[in-house]
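Below: the structure, in structure tokens.
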Amino acid sequence: MEIRRFEEIEREIAETRESLPECDTAHAIDRNDPWEDIAENARRDGYDDLAELCNDAAAEWTEEG
């Protein structure tokens, strides 16, 4: 994964975090958990778009890693 893409993903996650209330997803982001873990929490908390972003990012990382 190119550093530019990595930074784009991290920026999107950080921007989403700014609008989240205190929840498991917010805590996972604050802990800098792996994208897969953020996605799992996001799905449970009802943030499906964030879950999809994180799952796609993790898959992209794995493909190229």
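Bear in mind these aren't lab numbers, they're just calculated from the coordinates by the rules spelled out. A quick note: this is a predicted structure, and the numbers were derived from the prediction, not measured. Neighbour counts are summed over all protein chains in view; Cβ atoms, including those assigned to glycine, are modelled from backbone coordinates with ideal geometry.
Taken over the stretch 12-30, the criterion of being within 13 Å of L50 (Cβ to Cβ), loosely packed, with under 15 Cβ neighbours inside 10 Å and without any contact (Cβ under 8 Å) to a residue 12 or more places away in the chain is satisfied by E15, E18, S19. Taken together, D49, D33, D37, D56 contain a single residue that is under 10 Å from the mean Cα position of the chain (by Cα), part of a loop (DSSP other than H, G, I, E, B) and of a type in the set (D, E, K, R), which is D33.
D48 fulfils the conditions (1) crowded, with 16+ Cβ neighbours inside 10 Å; (2) without any contact (Cβ under 8 Å) to a residue 12 or more places away in the chain; (3) of a type outside the set (G, A, S) except for a single criterion, (1).
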